[in-house]
Amino acid sequence: MRWLISLLLVTSWAHADEVDNWLGRMQRAGETQNFQGTLIIRQHDQLHAMRVVHGQGERGEGSWDTLESMNGEHRRVIRRDTLVVTLFPDKNLATRVHDSIGRDVKSLPLHPQLPRDLASLKQIYQVQLAGEDRVAGWPAQIIELLPKDQYRYGFRLWLARDNGLLLRCDLLGERGEVIEQVMYSQLTTMKPVPPPGVPDLTNWRVIDIDAGRQAMPEAANIHWKVDRLPAGFRLIHAAAMPSVAAAETDDSHTQAQPTQVQHLIFSDGMTSVSVFVEERVPDNKLLVGVSRMGAVNAFGQSLNGHHVTVIGEVPMLTVRQIAQSLVHAEREPVSHD
């Protein structure tokens with residue numbers, strides 16, 4: 001009997017080492033590989049195709065990406081370092097998101113990015129090998145990340161056996177069903193090429209957003225916290241920004257101080273949840289109750305003269321609990337209207 005127990009333990013350790021090796025390869029692939037391909041996104045029962053190019057800068061210049069929609073509204077995204085430019089040619093509109101204090105605005109949310117701390121990840125997800133397959137002509141190893149509680153979705157990842165690149169990702173619902181999917185239909189690696197230039201936007205309508213400036217000094221005035229934050233989630237970002245209504249106002253002569261929305265982001269390393277808190281204004285059509293679109297759940301409610309909206313690619317239980325346990329950090333827990 002002892003030899004059987006020892007054999008099972010050795011097998012378990014070997015599988016754990018192999019899983020860690022694959023996760024490490026996935027992390028390194030995103031930081032070292034240059035590739036281009038066609039990415040298919042299945043979201044909200046719709047299919048979107050994007051042309052993706054990812055490069056690694058030479059001489060420590062950092063990575064870069066270009067994305068271009070292949071169906072639906074024409075959109076092109078260019079990311080270099082902490083600058084993300086999104087072009088909407090049909091509207092002659094561009095947005096520029098820059099971070100003046102070097103915060104991470106680099107990742108483009110096409111598929112999950114593994115956290116550095118894999119040990120913490122395995123406290124909230126059961127990570128296991130799940131067979132082999134082929135995606136876009138590439139032999140692939142399948143890895144599953146199954147949640148250990150009901151506060152998050154699961155993931156099934158297809159990693160290229162050659163280099164660890166993520167070829168496909170399925171987001172798994174509470175019953176294990178696929179609720180969202182991203183997959184390369186064609187993918188090739190390439191030699192390093194110069195990063196793309198940022199186009200001349202002289203004749204475009206441009207919306208500039210400084211993510212770094214938004215996070216300071218207003219963030220010092222954010223005093224909200226979540227009393228019953230689900231295990232594994234932690235605050236990764238806090239900022240104040242203009243309300244949607246103020247952002248949509250195209251009147252540069254308006255002297256009134258725009259309404260500020262306090263924005264908190266919580267993450268467990270694989271997924272994130274956004275919390276928006278703003279002063280309640282009569283006749284504002286804000287979400288009250290629950291809303292769902294595909295994998296995205298949202299919950300809104302009034303809260304002592306404020307309105308709270310929580311949204312994320314997590315189960316409804318998660319957004320509801322976060323909203324209903326929000327408190328002011330300098331006061332007793334606030335009551336819910």
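The values are calculated or read from the model by the stated rules, or taken from the named source; none is laboratory data. Just so it is clear, the model here is predicted, and its values are computed rather than measured. Cβ coordinates were reconstructed from backbone atoms using ideal geometry, including for glycine residues, and neighbour counts include every protein chain displayed.
When the residues of region 305-337 are narrowed to those that are in a loop (DSSP other than H, G, I, E, B) and surrounded by 13 or more Cβ atoms within 10 Å (Cβ to Cβ), which ends up modelled with the lowest pLDDT?
Residue satisfying both the conditions and the ranking: VAL334.
Return yes when VAL52 is surrounded by 17 or more Cβ atoms within 10 Å (Cβ to Cβ) and within 21 Å of GLU144 (Cβ to Cβ) and no when it is not.
For VAL52, the condition - surrounded by 17 or more Cβ atoms within 10 Å (Cβ to Cβ) and within 21 Å of GLU144 (Cβ to Cβ) - is not met.
Looking at region 291-322 only, could you name the residues that are of a type in the set (A, V, I, L, M, F, W, C), touching a residue at least 24 places away in the same chain (Cβ under 8 Å) and within 18 Å of VAL226 (Cβ to Cβ)?
Answer for region 291-322, where residues must be of a type in the set (A, V, I, L, M, F, W, C), touching a residue at least 24 places away in the same chain (Cβ under 8 Å) and within 18 Å of VAL226 (Cβ to Cβ): PHE299, LEU303, VAL308, VAL310, ILE311, VAL314, MET316, LEU317, VAL319, ILE322.
Just give me the residues in region 67-81 being under 16 Å from ILE207 (Cα atoms) and in contact with a helix residue (DSSP H, G or I) (Cβ under 9 Å, 6 or more places away or on another chain), in sequence order.
Once the filter is applied, which keeps residues that are under 16 Å from ILE207 (Cα atoms) and in contact with a helix residue (DSSP H, G or I) (Cβ under 9 Å, 6 or more places away or on another chain), region 67-81 yields ARG75, ARG76.
Would you check if GLU174 is modelled with pLDDT under 95 and of a type in the set (Asp, Glu)?
So GLU174 fits the description; yes.
Here's the yes/no breakdown for (1) of a type in the set (Val, Ile, Thr); (2) in the same structural domain as LEU121 (by TED's automatic domain parsing); (3) within 16 Å of SER325 (Cα to Cα):
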residue: SER272; (1), (2), (3): no, no, no
residue: LYS285; (1), (2), (3): no, no, no
residue: SER291; (1), (2), (3): no, no, no
residue: ALA295; (1), (2), (3): no, no, no
residue: GLY300; (1), (2), (3): no, no, yes
residue: ASN304; (1), (2), (3): no, no, yes
residue: HIS307; (1), (2), (3): no, no, yes
residue: VAL310; (1), (2), (3): yes, no, yes
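What are the residues in region 271-286 that are modelled with pLDDT of 90 or more and part of a loop (DSSP other than H, G, I, E, B), if any?
THR271
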